[in-house]
Amino acid sequence: MHELSLASQLVELAEESAAQAGASRVIAVRLRVGQLAGVSEEALRFAYDIATASTRLEGSRLEV
C-alpha cells in the first residue's frame, strides 16, 4: 500500500510548510494526482486520515 507512504510524505511536507508559516493548524491540503500515478484515491484518503493523527493536520480535508 504505497498510498500510506505518499500520505506520510504529504503530511511531513505540510507540517514543514505550516511550521514555516507559523500556523498552528492546517484546515485543508490540495493535491493533484495524475492518471498514470497508479494511486487509489480512496486508499489515499484512508491513509491520509491515519497519517494526520496527532499532527496539526488532524481533522483537515484532503482535496484531490
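Looking across 45, 25, 56, one residue alone is touching a strand residue (DSSP E or B) at 6+ places or on another chain (Cβ under 8 Å) and open to solvent by 40 Å² or more (accessible area, probe 1.4 Å). It is 45. Out of segment 6-18, which residues are in contact (Cβ under 8 Å) with a residue 12 or more places away in the chain and either open to solvent by 70 Å² or more (accessible area, probe 1.4 Å) or among the small types (Gly, Ala, Ser) (or both)? Of everything in segment 6-18, those that are in contact (Cβ under 8 Å) with a residue 12 or more places away in the chain and either open to solvent by 70 Å² or more (accessible area, probe 1.4 Å) or among the small types (Gly, Ala, Ser) (or both) turn out to be 6, 7, 8, 14, 18.
Being farther than 13 Å from residue 6 by Cα and either acidic (Asp, Glu) or modelled with pLDDT of 95 or more (or both): is that true of residue 18 here?
For residue 18, the condition - farther than 13 Å from residue 6 by Cα and either acidic (Asp, Glu) or modelled with pLDDT of 95 or more (or both) - is met.
When 33, 26, 39 are screened for being among the aliphatic types (A, V, I, L, M) and either free of Cβ contacts under 8 Å to residues at least 24 places away in the same chain or in contact with a Ser or Thr (Cβ under 6 Å, 6 or more places away or on another chain) (or both), only 26 passes. Out of all the residues in segment 28-42, which are open to solvent by 90 Å² or more (accessible area, probe 1.4 Å) and not in a helix (DSSP H, G or I)? Listed by number, the residues that qualify are 30, 32.
The values are calculated or read from the model by the stated rules, or taken from the named source; none is laboratory data. Since we're looking at a predicted model, the values are computed, not measured. All Cβ positions, even for glycine, are placed from backbone atoms using ideal geometry, and neighbour counts span all protein chains on display. The area values use the complete protein model at the heavy-atom level, side chains included, leaving out ligands, DNA and RNA. Shrake-Rupley method; radii C 1.70, N 1.55, O 1.52, S 1.80 Å.
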